[in-house]
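Worksheet for the structure shown next.
The values are calculated or read from the model by the stated rules, or taken from the named source; none is laboratory data. Since the model is a prediction, treat every value here as computed from it, not as a measurement. All Cβ positions, even for glycine, are placed from backbone atoms using ideal geometry, and neighbour counts span all protein chains on display. Protein only, heavy atoms only, side chains kept; ligands, DNA and RNA dropped before computing areas. Shrake-Rupley method; radii C 1.70, N 1.55, O 1.52, S 1.80 Å.
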Amino acid sequence: LIAEVMKAGADKDSSSPPWWEAVVTSREMRGPDIAVIRIRLMQPMEYLPGQSVAVQFPRRVPRTWRFYSPANAPGKGNSVTFHVKVEDGGALSTALALHASPSDVLRLGPPVGSLQLDETSGRDILLVAGSTGLAPLLSILETVASRPSPPAVDLFFGAKVPGDLYELPLLEKLETQYDWLTVVHAVTADKEETPGYAGEHGSIVDVAAGRGDWQDRDAYVCGSTPMVRAAKNRLAALGIPGEQVHT
């Protein structure tokens, strides 16, 4: 599947290389199993906010690819940030999150994906993220923040336990910085299991659905497959037209 996607991407844009090489510049752990990895591309790559790229780590897991989404907006030179969570049985995610080191070389495929910011829309925005599904939504958020007059943005960030809300300090800082941004976070763990946690409890989809009238919003959703399916169904039930929901 990834080979076909990469081939189609290369065929679509003959001016771009079939793959890009990049050097890891830093890896920061956000808890025991989530890493924020920054890389420097050897050649410029044009991608849209929300898209993803296939990634290979030849030194540790050759010939294995997985899609990750840049967490930063395009146009930041050749620097790209990925959020990587260790998955059970995931050789590549484990290698990247726990073992990637500065100077390691990665290989990237062409940017793909339908989760793209609609630059032509004048509507306000709803962002719903589950765990590292936050990455492409941060790219969208950063792009929106660069506009002269950003729309209102409500960002809902959910995880199983508070420790998995790995970029909450960043989001709270951005909420303080931007008066057009509202951040709500939630965990699915019970209140008894999370003493001291001051956020919401329950599915982030349920929390978002109960927080407002989103019919006139553009919605962007990223997370696990069950979470995304649930969000699409709930948003449709709330009256958001399908063409305004991007997953």
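Where in segment 38-55 does the label zone of Arg107 land, with the point 7 angstrom along Cα→C-beta and an amide N cut-off under 14 Å?
Residues passing the 14 Å test: 54-55.
For segment 121-171, what class follows from the C-alpha gyration tensor (a ≥ b ≥ c being the square roots of its eigenvalues): rounded when a/c is under 1.5, otherwise prolate if a/b is larger than b/c, else oblate?
Judged from the Cα gyration tensor, segment 121-171 comes out prolate (a/c at least 1.5, a/b above b/c).
Considering only protein heavy atoms, with the full assembly of protein chains and a 1.4 angstrom probe, order Ser103, Ser16, Ser139 by accessible area, largest first.
Output order, biggest surface exposure first: Ser103, Ser16, Ser139.
So what is the diffusion coefficient of segment 1-132 in µm² per second by Stokes-Einstein at 37 °C and 0.692 mPa s, using a Kirkwood Rh over Cα pairs?
213
What are the residues whose amide H is under 5 Å from the amide H of Val183, where those residues sit 5 or more places off or on another chain and H is modelled from the backbone?
It is Leu155, by chain and number.
Mind checking which of Leu96, Leu41, Leu155 has the largest fluctuation in a GNM of the chain, springs on alpha carbons under 10 Å?
Of Leu96, Leu41, Leu155, the Gaussian network model singles out Leu41 as fluctuating most.
If I take R0 = 35 Å and measure r between the Cβ atoms of Trp180 and Lys76 in this structure, what FRET efficiency does the formula 1/(1 + (r/R0)^6) give, to the nearest 0.05?
0.95
How much of the accessible area of the chain, probe 1.4 Å, is carbon plus sulfur, in whole percent?
50
Helix 2-12 against the longest principal axis of the chain: what's the angle in degrees, Cα atoms only, rounded to the nearest 10?
Result, in degrees: 80.
Among Ser139, Gly199, Thr182, pick out the residue whose Cα is farthest towards the positive end of the charge dipole of segment 136-247, where Lys and Arg carry +1 and Asp and Glu carry -1 on C-beta, about the Cα centre.
Ser139
Please list 3J(HN,Hα) in residue order for segment 187-195, calculated via the Karplus relation 6.51 cos²θ - 1.76 cosθ + 1.60 where θ = phi - 60°; whole Hz, with x for glycine and proline.
10, 7, 5, 5, 4, 5, 8, 10, x
For segment 146-151, take each phi angle, set θ = phi - 60°, evaluate the Karplus expression 6.51 cos²θ - 1.76 cosθ + 1.60, and give the result in whole Hz per residue in order, putting x for glycine and proline.
Result, rounded to whole Hz: 7, 6, x, 10, x, x.
Using only DSSP helix segments of four residues or longer, with each worth -39500 (n - 2.57), what per-residue ellipticity at 222 nm results for the chain after dividing by its residue count and rounding to 500?
-7500 deg cm²/dmol
With the crude spin-label approximation of a point 7 Å out along Cα→Cβ, what separation in nm comes out for Ser114 versus Ala3?
The modelled label-to-label distance comes out at 2.5 nm.
How big is the charge dipole of the chain about its Cα centre, in debye rounded to the nearest 20, if each Lys and Arg gets +1 on its Cβ and each Asp and Glu gets -1 on its Cβ?
With Lys and Arg at +1 and Asp and Glu at -1, about 820 debye.
How far, in degrees from 0 to 90, does helix 225-237 lean away from the longest principal axis of the Cα atoms of the chain, to the nearest 10?
40
Pairs of lysine in the chain with Cα under 24 Å and at least 8 positions apart or on different chains: total?
For the chain, the number of qualifying lysine pairs is 9.
Using Cα atoms only, what is the angle between the long axis of helix 134-145 and the major principal axis of the chain, expressed in degrees (0 to 90) to the nearest 10?
Helix 134-145 sits at roughly 80 degrees to that axis.
Per residue, how much accessible area does the chain show when a 1.4 Å probe rolls over the protein heavy atoms, in square angstrom?
Spelled out: the 1.4 Å probe surface of the chain, per residue, equals 48 Å².
Provide Rg and Dmax in Å for the chain, with only Cα atoms included in the calculation.
When restricted to Cα atoms, the chain yields Rg and Dmax of 17.9, 56 Å.
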